[in-house]
1. Look through segment 192-222, keep the residues that are surrounded by 13 or more Cβ atoms within 10 Å (Cβ to Cβ) and more than 17 Å from the chain's Cα centre (by Cα), and return whichever of them is modelled with the lowest pLDDT.
2. Can you find, within segment 123-133, the residue that is farthest from residue 214 (Cα to Cα) among those that are within 19 Å of the chain's Cα centre (by Cα) and assigned to a loop (DSSP other than H, G, I, E, B)?
3. Take the residues in segment 137-156 that are in contact with a helix residue (DSSP H, G or I) (Cβ under 7 Å, 6 or more places away or on another chain) and not in a helix (DSSP H, G or I); name whichever of them is nearest to residue 39 (Cα to Cα).
4. How many residues does segment 162-183 contain that are outside any loop (DSSP other than H, G, I, E, B) and without any contact (Cβ under 8 Å) to a residue 40 or more places away in the chain?
5. Among (1) surrounded by 19 or more Cβ atoms within 10 Å (Cβ to Cβ); (2) at pLDDT below 95; (3) farther than 22 Å from residue 177 by Cβ, which single condition is residue 86 missing?
6. Over 30 Å from residue 38 (Cα atoms) and touching a residue at least 60 places away in the same chain (Cβ under 8 Å): which single residue out of 159, 134 fits that description?
7. Before we move on, is residue 123 surrounded by 14 or more Cβ atoms within 10 Å (Cβ to Cβ) and under 18 Å from residue 64 (Cβ atoms)?
8. Considering only residues that are outside any loop (DSSP other than H, G, I, E, B) and under 17 Å from residue 89 (Cα atoms), which ones fall in segment 35-63?
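The values are calculated or read from the model by the stated rules, or taken from the named source; none is laboratory data. Bear in mind the structure is a predicted one, so any value in this text is a computation, not a measurement. Using ideal geometry, Cβ is built from the backbone for each residue, glycine included, and neighbour counts are taken over all protein chains shown.
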């Protein structure tokens, strides 16, 4: 009886609006989008799990990514970018739970910064842990951003880990703000290019704030 009432209600709503929501919005579009997203997540998952490097869309600019716990994969990212040793890299995480895995102790002020951020915000935390030693800076600090990018979130939840995120440019070159600006050398050297052109970030790098051990805040990039 309840199911009949539900069907009757849905029918009356659709009839009153004269709409088939799937037809009007495009059933093929929805099916194509979600199937493509799922396929790309699976392909990227397999590459990262096997120590590869992916080129992928983020909530800011396109990034190079890999397993943060795999020294060889992190070194490969550095080699692709021709990046000097000693320069730190950023991690993305999907939530505060995984953030706590990579930082020994999170200053309370960081939670307020995360909650009130209106644009992508990378926070440089002291006391990095559980990651390749190639990632943190010399003072063992590490930049981490909680991202709301759909692809990144779903990939990391599947990986059950964060992911390295460094801009997809050769060292010394400008950061590309669109896929078309990425150097062909980068495209040739990565193990997989995520094919989700419909996902758009902010087309600019994130703001970076460093939190010192005494909770003092330093703005690195506005």
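1. If we take residues in segment 192-222 being surrounded by 13 or more Cβ atoms within 10 Å (Cβ to Cβ) and more than 17 Å from the chain's Cα centre (by Cα), then 212 is modelled with the lowest pLDDT.
2. Among residues in segment 123-133 that are within 19 Å of the chain's Cα centre (by Cα) and assigned to a loop (DSSP other than H, G, I, E, B), the one farthest from residue 214 (Cα to Cα) is 132.
3. By that ranking, first place goes to 147.
4. Residues of segment 162-183 that are outside any loop (DSSP other than H, G, I, E, B), as a first pass: 163-167, 179-181.
Applying the additional criterion that residues be without any contact (Cβ under 8 Å) to a residue 40 or more places away in the chain yields 180-181.
So the answer is 2.
5. (1)
6. On the way: 159 fails: over 30 Å from residue 38 (Cα atoms).
Selected residue: 134, the only one of 159, 134 that is over 30 Å from residue 38 (Cα atoms) and touching a residue at least 60 places away in the same chain (Cβ under 8 Å).
7. Against the criterion (surrounded by 14 or more Cβ atoms within 10 Å (Cβ to Cβ) and under 18 Å from residue 64 (Cβ atoms)), residue 123 does not qualify.
8. Going residue by residue through segment 35-63, those that are outside any loop (DSSP other than H, G, I, E, B) are 35-49, 54-56, 63.
Those that are outside any loop (DSSP other than H, G, I, E, B) and under 17 Å from residue 89 (Cα atoms): 48, 54, 55, 56, 63.
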